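The values are calculated or read from the model by the stated rules, or taken from the named source; none is laboratory data. All of these numbers come straight from a predicted model, not from anything done at the bench. Here Cβ is always computed from backbone atoms with ideal geometry, including for glycine, and neighbour counts include all displayed protein chains.
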Amino acid sequence: MSRCLRLLVLLALTPFAHGQIRNGSFEAGSFTGWVVNDVPGPYSPFEVLLAGSQPSGLFFGCSPREIEPTDGLFAAHHGFDGAGPATMRLAQDVVLGACDTRLAFDWRAGWEMASCSCGATEARAFYLDVEPLGGGDPLARHVLLIAAPDTDACAVGQTSFVDLSAFAGQAVRLSFEWNIPQFATGPGYFELDDVRFTTRVANGSFEAGEFGAWTAVDGGGTTPLAIVPAGSSMGGIVTEPAHGNASVLTGFASPVPATKRLFQDVTLGPCETELSFVWRARYGNAFPITYGFRLDVEPAGGGTPLLRRELLSIPSGAVVADTGHVVEAIDLAAFAGEDVRISFEWTDPVGTPGASLLMLELDDVRFGCTTGGVLPRFGSGVNPPGFTSLSPPIVGETWRTRVERPLGAVGTLVVIGLGGVLEGFPLGNPFVGELLLLPPFRTPTVEFGEEHELSIRPNCDLIGRGFVAQGATFTLNPFRITLNNALDLVVGTQ
């Protein structure tokens with residue numbers, strides 16, 4: 001900080017890692033944290049807009065259209081056209097932590113190059129570049145969209161996932177880029193939201209509109225495995241996706257004895273210890289059999305289940321019921337670091353093609369992690385309050401805190417133990433800390449609080465473990481260290 005003389009106390013400290021997208025859902029109402037480069041003469045400029053608002057510019061084929069954020073109240077928007085040739089950019093510098101191996105973001109795009117008859121002969125493109133910190137030639141390019149010049153398209157939402165494991169632990173620039181190869185060749189529309197690091201299963205919210213990384217094995221019948229948009233109605237159920245605008249819908253019944261399966265092979269990282277998903281069933285059973293829904297964890301490629309979790313059993317005579325959304329969390333810690341197959345299965349043991357009121361919706365399949373938390377500790381009450389947390393303690397990221405500085409104090413100190421579950425103060429080794437001192441030419445009354453930044457090692461073994469941090473202030477004449485309250489914290493991944 002320029003306002004202070006900074007002294008870092010760094011003992012046994014591993015390299016700094018931020019690992020967090022700043023303002024990734026644009027809830028600041030602006031592009032704070034982002035580097036923005038618009039196209040000259042944009043059809044509709046780069047903007048952060050509120051849900052329900054209508055951006056400038058006309059987009060005829062799919063009008064009316066409104067901003068539809070997927071997270072929070074704001075989303076980024078631009079018109080996907082302008083005075084090209086030019087490249088539009090939205091970029092941010094990050095340091096990737098050990099768990100920051102997958103970038104996820106929601107987007108939708110539309111264009112009218114065919115119906116406009118504006119002379120389009122070249123395709124527009126949307127891609128993500130991974131560049132050196134501060135920008136430069138791409139280290140990797142992920143092409144996400146090619147908009148052909150002889151086409152029109154409405155703005156359909158989807159979620160994309162980009163594997164960044166090759167850059168774990170490195171400082172890079174993530175740059176969303178839109179190539180506009182020609183001058184004003186037709187109206188366009190682009191919306192971006194919820195840019196985040198995640199350990200979500202590939203296409204786990206089924207926003208691609210197809211199974212993609214999933215393999216679907218269907219037993220047939222009138223209600224096959226299908227990806228459907230929100231509001232679809234079948235067998236007495238109206239779909240309500242838990243994330244995004246699509247989900248899987250299927251029935252249990254098959255014309256012959258069968259097990260429907262939806263599976264994906266995954267490699268479990270050190271942070272991917274919990275699989276979560278959301279399902280909802282509507283059913284009634286007049287047949288003399290029992291239907292079932294379960295999750296199997298198998299070796300990659302398939303085989304005898306390593307773990308089986310029975311999720312729903314529908315016995316004979318079950319009256320019509322709707323379960324509502326059920327959130328499941330399956331502990332996979334026993335398989336950390338292994339390649340496994342995740343298989344959802346629906347069973348009809350005898351074949352009942354006439355059973356129509358047996359429907360199940362599945363959505364938001366992802367690896368969940370531990371939420372970081374902080375709880376103040378005041379001990380006997382002799383230490384004054386004034387040490388607060390400004391962000392959750394996340395593995396591989398920067399934990400931000402604030403220490404209130406009373407009149408006469410010349411500095412503040414924060415220390416945190418990182419070697420084990422520690423209690424009390426001093427915290428022992430190894431620990432990290434930060435001391436901020438007022439320069440001699442500043443009066444102590446100018447500012448009354450200091451923000452501290454402490455890096456938490458990118459070590460997934462820290463996840464879920466408890467630590468203690470301590471804040472303190474310094475005074476001179478006489479020299480004195482006054483302890484504030486402590487903070488008990490649990491290191492998480494989100």
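When you scan region 77-100, how many residues do you find that are part of a loop (DSSP other than H, G, I, E, B) and among the hydroxyl-bearing types (Ser, Thr, Tyr)?
Residues of region 77-100 that are part of a loop (DSSP other than H, G, I, E, B), as a first pass: 79-82, 84-85, 96-100.
Add one more test, that the residue is among the hydroxyl-bearing types (Ser, Thr, Tyr), and what stays is none.
Counting residues in region 77-100 that are part of a loop (DSSP other than H, G, I, E, B) and among the hydroxyl-bearing types (Ser, Thr, Tyr) gives 0.
Given the options Arg294, Arg308, Arg261, name the one that is free of Cβ contacts under 8 Å to residues at least 40 places away in the same chain and touching an Asp or Glu at 6+ places or on another chain (Cβ under 8 Å).
Numbers: Arg294 fails: free of Cβ contacts under 8 Å to residues at least 40 places away in the same chain; Arg261 fails: free of Cβ contacts under 8 Å to residues at least 40 places away in the same chain.
Result: Arg308 is the single residue among Arg294, Arg308, Arg261 that is free of Cβ contacts under 8 Å to residues at least 40 places away in the same chain and touching an Asp or Glu at 6+ places or on another chain (Cβ under 8 Å).
Determine whether Thr239 is closer than 30 Å to Gly351 by Cα, in the same structural domain as Pro349 (by TED's automatic domain parsing) and in contact with a Gly (Cβ under 6 Å, 6 or more places away or on another chain).
So Thr239 does not fit the description; no.
Would you confirm whether or not region 346-356 contains a residue that is touching a strand residue (DSSP E or B) at 6+ places or on another chain (Cβ under 7 Å), aromatic (Phe, Trp, Tyr), at negative phi and at pLDDT below 85?
No, region 346-356 has no match at all.
From the list Leu307, Leu249, which one is modelled with pLDDT of 90 or more, assigned by TED's automatic domain parsing to the domain that holds Ile342, of a type outside the set (Ser, Thr, Tyr) and within 17 Å of Asp363 (Cβ to Cβ)?
That would be Leu249, the only listed residue that is modelled with pLDDT of 90 or more, assigned by TED's automatic domain parsing to the domain that holds Ile342, of a type outside the set (Ser, Thr, Tyr) and within 17 Å of Asp363 (Cβ to Cβ).
If you take the residues of region 140-196 that are under 17 Å from Val39 (Cβ atoms) and aromatic (Phe, Trp, Tyr), which of them is modelled with the lowest pLDDT?
Within region 140-196, the match that is modelled with the lowest pLDDT is Tyr189.
Name the residue, out of Leu312, Leu307, Leu275, that is surrounded by 13 or more Cβ atoms within 10 Å (Cβ to Cβ) and over 30 Å from Val395 (Cα atoms). If you could, list the steps in order and put the result at the bottom.
Values: Leu307 fails: over 30 Å from Val395 (Cα atoms); Leu275 fails: over 30 Å from Val395 (Cα atoms).
On inspection, the qualifying residue turns out to be Leu312.
Hey, can you tell me all the residues within region 140-150 that are touching an Asp or Glu at 6+ places or on another chain (Cβ under 9 Å) and surrounded by fewer than 18 Cβ atoms within 10 Å (Cβ to Cβ)?
Answer for region 140-150, where residues must be touching an Asp or Glu at 6+ places or on another chain (Cβ under 9 Å) and surrounded by fewer than 18 Cβ atoms within 10 Å (Cβ to Cβ): Ala140, Arg141, His142.
Mind checking which residues of region 150-198 are under 20 Å from the mean Cα position of the chain (by Cα), more than 19 Å from Asn23 (Cβ to Cβ) and aromatic (Phe, Trp, Tyr)?
Phe161, Phe167
Can you name every residue in region 34-56 that is surrounded by 15 or more Cβ atoms within 10 Å (Cβ to Cβ) and on the phi > 0 side of the Ramachandran plot?
none
Looking at Val248, Val217, Val238 in this structure, which one is touching a strand residue (DSSP E or B) at 6+ places or on another chain (Cβ under 6 Å), of a type in the set (A, V, I, L, M, F, W, C), surrounded by fewer than 18 Cβ atoms within 10 Å (Cβ to Cβ) and on the phi < 0 side of the Ramachandran plot?
Val217
Report those strands (runs of 3 or more DSSP E) wholly inside region 372-486 carrying at least 1 residues which are modelled with pLDDT of 80 or more, of a type in the set (A, V, I, L, M, F, W, C) and farther than 30 Å from Thr273 by Cβ.
387-389, 398-404, 466-475
Can you name the condition, by its number, that Pro255 falls short on among (1) closer than 28 Å to Phe335 by Cβ; (2) not in a strand (DSSP E or B)?
Going through the list (1) closer than 28 Å to Phe335 by Cβ; (2) not in a strand (DSSP E or B), Pro255 breaks only (1).
Given the condition within 18 Å of Thr185 (Cβ to Cβ) and crowded, with 16+ Cβ neighbours inside 10 Å, answer yes or no: does some residue in region 91-103 qualify?
no
Which residue out of Leu174, Leu192 is in contact with a His (Cβ under 9 Å, 6 or more places away or on another chain), more than 30 Å from Val350 (Cα to Cα) and not in a loop (DSSP other than H, G, I, E, B)?
The match here is Leu192.
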